[in-house]
Amino acid sequence: MIPHANNSDKNFIGAWYNKYSADICNDIILKYKRTPQTLKHDYTQSELGNTRLNCKDIKSEDVIAIITGIIKPALESYFNLYPASTEVYPFDLLTTSLRIDHWAPGKGNNSWYHEKDGSLFHENKHLAFTLFLNDVSVEGEEEFLHQEVSFKPKAGLIVIWPTAWTHSHRTLIAPKEDKYTLSGYVTFEEKK
């Protein structure tokens, strides 16, 4: 894992690039494109403007490859950068939260948000992450409000951050290109 230039021991955002993951990212996009439309959640008419596929609808061996090949090494790097993030109630990667999002050119939502909104659905979320599945050359960054830092989409770049209001963020629209991401959460739940 290659650390991103924006990594800092002060902002609690970690980003790493795995140069070997470009092929995995391409495979994920192909699996998304081959998945029947009926399994995808269509938000194109909402403010989100995207389509989403929950990874539980993909074959389990593909999800395991994503987790072991990309996500777990990045989380280990995050925990090494921010060891205090492990000194909390027991937690684990919530694999049912993994999802692939696709935004068509010019689609998306530039509104600021954070994952801990007070609802029961979000109360157990500890960390969020996004893996960029393709390169986007014009805009499309993941931008963090209070840290004043952004990350350009590059296939194989994974960004990890806390879910609280301190890490309000937004996904800038890519005006001329498709954008694909894989996202999920690390949640406070007992390990099995």
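Taking the residues in segment 142-192 that are part of a loop (DSSP other than H, G, I, E, B) and among the hydroxyl-bearing types (Ser, Thr, Tyr) as candidates, determine which candidate is farthest from residue 107 (Cα to Cα). Please lay out each step first, then the result.
Of the residues in segment 142-192, the ones part of a loop (DSSP other than H, G, I, E, B) are 145-148, 152-156, 163-164, 168, 172-178, 188-192.
Right, trim to among the hydroxyl-bearing types (Ser, Thr, Tyr) and you get 163, 168.
Details: 163: 24, 168: 20 Å.
Applying the filter and picking the extreme gives 163.
In segment 153-192, what count of residues is obtained for those that are under 16 Å from the mean Cα position of the chain (by Cα) and at pLDDT below 85?
3
For segment 24-40, what are the residues that are within 24 Å of residue 158 (Cα to Cα), over 17 Å from the mean Cα position of the chain (by Cα) and modelled with pLDDT of 75 or more? Lay out the reasoning, then the answer.
Initial filter on segment 24-40 (within 24 Å of residue 158 (Cα to Cα)): 24-35, 40.
Now drop any that are not over 17 Å from the mean Cα position of the chain (by Cα), which leaves 30-31, 33-35, 40.
30, 31, 33, 34, 35 - these are the residues of segment 24-40 that are within 24 Å of residue 158 (Cα to Cα), over 17 Å from the mean Cα position of the chain (by Cα) and modelled with pLDDT of 75 or more.
Just to be sure, is residue 44 at pLDDT below 70, part of a loop (DSSP other than H, G, I, E, B) and not small (Gly, Ala, Ser)? Even if it seems obvious, please write down each step before you answer.
Values: at pLDDT below 70: yes; part of a loop (DSSP other than H, G, I, E, B): yes; not small (Gly, Ala, Ser): yes.
When the stated conditions are applied, residue 44 passes them.
Take the residues in segment 130-148 that are out of contact with any helix residue (DSSP H, G or I) (no Cβ under 7 Å at 6 or more places or on another chain) and either small (Gly, Ala, Ser) or buried (at least 20 other Cβ atoms within 10 Å of the Cβ) (or both), then tell me which one is nearest to residue 30 (Cα to Cα).
Taking segment 130-148 as the starting set, the residues that turn out to be out of contact with any helix residue (DSSP H, G or I) (no Cβ under 7 Å at 6 or more places or on another chain) are 130, 132, 135-143, 145, 147-148.
Next, from what is left, pick out any that are either small (Gly, Ala, Ser) or buried (at least 20 other Cβ atoms within 10 Å of the Cβ) (or both): 130, 132, 136-137, 140, 142.
On the way: 130: 18, 132: 14, 136: 17, 137: 20, 140: 20, 142: 23 Å.
Ranking the candidates gives 132 first.
For segment 138-149, check the following and say yes or no: at least one residue is at pLDDT 90 or above and farther than 20 Å from residue 13 by Cβ. Outline the logic, then answer.
Start the filter on segment 138-149 by keeping residues that are at pLDDT 90 or above, which leaves 138-149.
Add one more test, that the residue is farther than 20 Å from residue 13 by Cβ, and what stays is 138.
There is at least one residue in segment 138-149 that is at pLDDT 90 or above and farther than 20 Å from residue 13 by Cβ.
Quick one: is residue 72 in contact with a Leu (Cβ under 9 Å, 6 or more places away or on another chain), surrounded by 11 or more Cβ atoms within 10 Å (Cβ to Cβ), modelled with pLDDT of 75 or more and outside any loop (DSSP other than H, G, I, E, B)?
Working: in contact with a Leu (Cβ under 9 Å, 6 or more places away or on another chain): yes; surrounded by 11 or more Cβ atoms within 10 Å (Cβ to Cβ): yes; modelled with pLDDT of 75 or more: yes; outside any loop (DSSP other than H, G, I, E, B): yes.
Judged against the criteria, residue 72 is a match.
The values are calculated or read from the model by the stated rules, or taken from the named source; none is laboratory data. Here the structure is a predicted model, which means the values were calculated and not measured. With ideal geometry, Cβ positions are generated from the backbone for all residues, glycine too; neighbour counts draw on all protein chains shown.
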